[in-house]
1. Tell me, yes or no, whether the stretch 93-106 has at least one residue that is assigned to a loop (DSSP other than H, G, I, E, B), at pLDDT 95 or above and open to solvent by 60 Å² or more (accessible area, probe 1.4 Å).
2. Give me a count of the residues in the stretch 142-161 that are within 14 Å of the ligand (Cβ to nearest atom) and modelled with pLDDT of 95 or more.
3. Going residue by residue through the stretch 39-47, is there one that turns out to be more than 10 Å from the ligand (Cβ to nearest atom), under 19 Å from Val220 (Cβ atoms), open to solvent by 60 Å² or more (accessible area, probe 1.4 Å) and modelled with pLDDT of 95 or more?
4. For residues in the stretch 167-205 being in contact (Cβ under 8 Å) with a residue 40 or more places away in the chain and part of a helix (DSSP H, G or I), which is nearest to Leu132 (Cα to Cα)?
5. Would you confirm, using the coordinates I've provided, whether Arg51 is in contact with a strand residue (DSSP E or B) (Cβ under 8 Å, 6 or more places away or on another chain) and basic (Lys, Arg)?
6. With (1) open to solvent by 20 Å² or more (accessible area, probe 1.4 Å); (2) under 22 Å from Thr236 (Cα atoms); (3) within 13 Å of the ligand (Cβ to nearest atom); (4) part of a helix (DSSP H, G or I) as the list, and Leu132 as the residue in question, which single condition is left unmet?
7. State all residues of the stretch 174-193 that are open to solvent by 50 Å² or more (accessible area, probe 1.4 Å) and in contact with a Phe, Trp or Tyr (Cβ under 7 Å, 6 or more places away or on another chain); if no residue qualifies, say none.
8. Return the pairs, sorted by first residue and then second, in which the second residue is away from the ligand (no atom under 14 Å from the Cβ) and at pLDDT 95 or above, the first residue lies in the stretch 81-101 and is within 16 Å of Leu116 (Cα to Cα) and not assigned by TED's automatic domain parsing to the domain that holds Val47, the beta carbons are less than 6 Å apart, and the residues are 6+ apart or on different chains.
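The values are calculated or read from the model by the stated rules, or taken from the named source; none is laboratory data. Here the structure is a predicted model, which is why all the values come from computation and not from measurement. Here the Cβ positions follow ideal geometry from the backbone for every residue, glycine too, while neighbour counts run over all protein chains shown. For the accessible areas, the whole protein counts, side chains as well, though only heavy atoms, and no ligand, DNA or RNA atoms are used. Shrake-Rupley method; radii C 1.70, N 1.55, O 1.52, S 1.80 Å.
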Amino acid sequence: MADVFAGVRLLGPPVTDGEYIALSEHETVHLHEYTRIYAVPGLYEHVVQDRLRCTSPQVAVAGFLRAAASLGLEPGSMTVLDVGAGTGLVGELVRHAGVARVVGVDALPAAREASLRDRPGVYADYVVGDFLLGDGLREALRPYAFGGLVSAGAFGGTHATPRALENALAILPPGAPVAFTIDERWMDASDPDGFGAAVERLIADRRLELLERTRFQHRVTTTGEPIFYQLVVGRTAPVPAD
Ligand SMILES: C[S@@+](CC[C@H](N)C(=O)[O-])C[C@H]1O[C@@H](n2cnc3c(N)ncnc32)[C@H](O)[C@@H]1O
């Protein structure tokens, strides 16, 4: 696969408007121009996983499995929600780990198309939607009894907002394992609009019980500097004791 992408160049230094990749002499795209990137089979994986050494899918899935194990839950009987599923890397990992069913949600039709094209059979369903837009997505997800949520690299910055995270967690039953990764820049609790404050709120309101919060290297930038994220692992409000 690497030879196919021999002409792809990573462009830096990343400035406030982000990182770019040159797909050819004539075409340069922003790293987050997912519709274009997902249109080429394997391009996202080549750039983000192989060249930028992104570990978020593996870290999020490992955190999710640790949470499920610590709660005594059996992945083989679980339906898991993958928020911001992209081309399906997270779905593939959870399925390989024995999770019975995974349902993907992504705001972009191109993500769904790429996942069905490159990883057919991984998702029981893959819904195009945004957790901010509410009702349509909730209706599409209603048939599923979700037992947990996993998400890699889909929250913060140009991606899903804290409210989307709160909405996604709200469709889970009590006691469900949850694992997601977020850029540490968005986890500063002193920003009332950030994810740090949202996570603190979820914990204070007893909507989320924190099991782990760890810093890890998510990937490197197009010029090779490390980017650090946090892995947040928890469970939704536990079932009250009798
Ligand atoms: C960096 S990619 C990560 C994809 C995948 N989770 C992975 O780790 O390979 C982020 C994905 O989140 C999706 N996304 C961003 N905002 C979203 C939102 N509000 N609702 C659903 N998906 C969203 C993007 O379309 C994109 O596919």
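1. Taking the stretch 93-106 as the starting set, the residues that turn out to be assigned to a loop (DSSP other than H, G, I, E, B) are 97-100.
So of that shortlist, the ones also at pLDDT 95 or above come out as 97-100.
Checking which are open to solvent by 60 Å² or more (accessible area, probe 1.4 Å) leaves us with none.
Scanning the stretch 93-106, I find no residue that is assigned to a loop (DSSP other than H, G, I, E, B), at pLDDT 95 or above and open to solvent by 60 Å² or more (accessible area, probe 1.4 Å), so the answer is no.
2. So in the stretch 142-161, the residues within 14 Å of the ligand (Cβ to nearest atom) come out as 149-161.
Next, only the ones that are modelled with pLDDT of 95 or more stay: 149-154.
Summing the residues that are within 14 Å of the ligand (Cβ to nearest atom) and modelled with pLDDT of 95 or more in the stretch 142-161 gives 6.
3. Restricting attention to the stretch 39-47, the residues satisfying the condition of being more than 10 Å from the ligand (Cβ to nearest atom) are 39-43, 46-47.
Right, trim to under 19 Å from Val220 (Cβ atoms) and you get 43, 46-47.
So of that shortlist, the ones also open to solvent by 60 Å² or more (accessible area, probe 1.4 Å) come out as none.
Checking the stretch 39-47: not a single residue is more than 10 Å from the ligand (Cβ to nearest atom), under 19 Å from Val220 (Cβ atoms), open to solvent by 60 Å² or more (accessible area, probe 1.4 Å) and modelled with pLDDT of 95 or more.
4. Filtering the stretch 167-205 for residues in contact (Cβ under 8 Å) with a residue 40 or more places away in the chain gives 168-169, 171-184, 187, 195.
So of that shortlist, the ones also part of a helix (DSSP H, G or I) come out as 168-169, 184, 187, 195.
Details: Ala168: 9, Leu169: 12, Glu184: 22, Met187: 20, Phe195: 15 Å.
Filtering first and then ranking leaves Ala168.
5. Values: in contact with a strand residue (DSSP E or B) (Cβ under 8 Å, 6 or more places away or on another chain): yes; basic (Lys, Arg): yes.
Yes; evaluated as a whole, the condition is true for this residue.
6. Going through the list (1) open to solvent by 20 Å² or more (accessible area, probe 1.4 Å); (2) under 22 Å from Thr236 (Cα atoms); (3) within 13 Å of the ligand (Cβ to nearest atom); (4) part of a helix (DSSP H, G or I), Leu132 breaks only (4).
7. Keep residues of the stretch 174-193 that are open to solvent by 50 Å² or more (accessible area, probe 1.4 Å), which gives 174, 184-186, 188-193.
Those that are open to solvent by 50 Å² or more (accessible area, probe 1.4 Å) and in contact with a Phe, Trp or Tyr (Cβ under 7 Å, 6 or more places away or on another chain): Glu184, Trp186.
8. Arg101/Thr79; Arg101/Ala124
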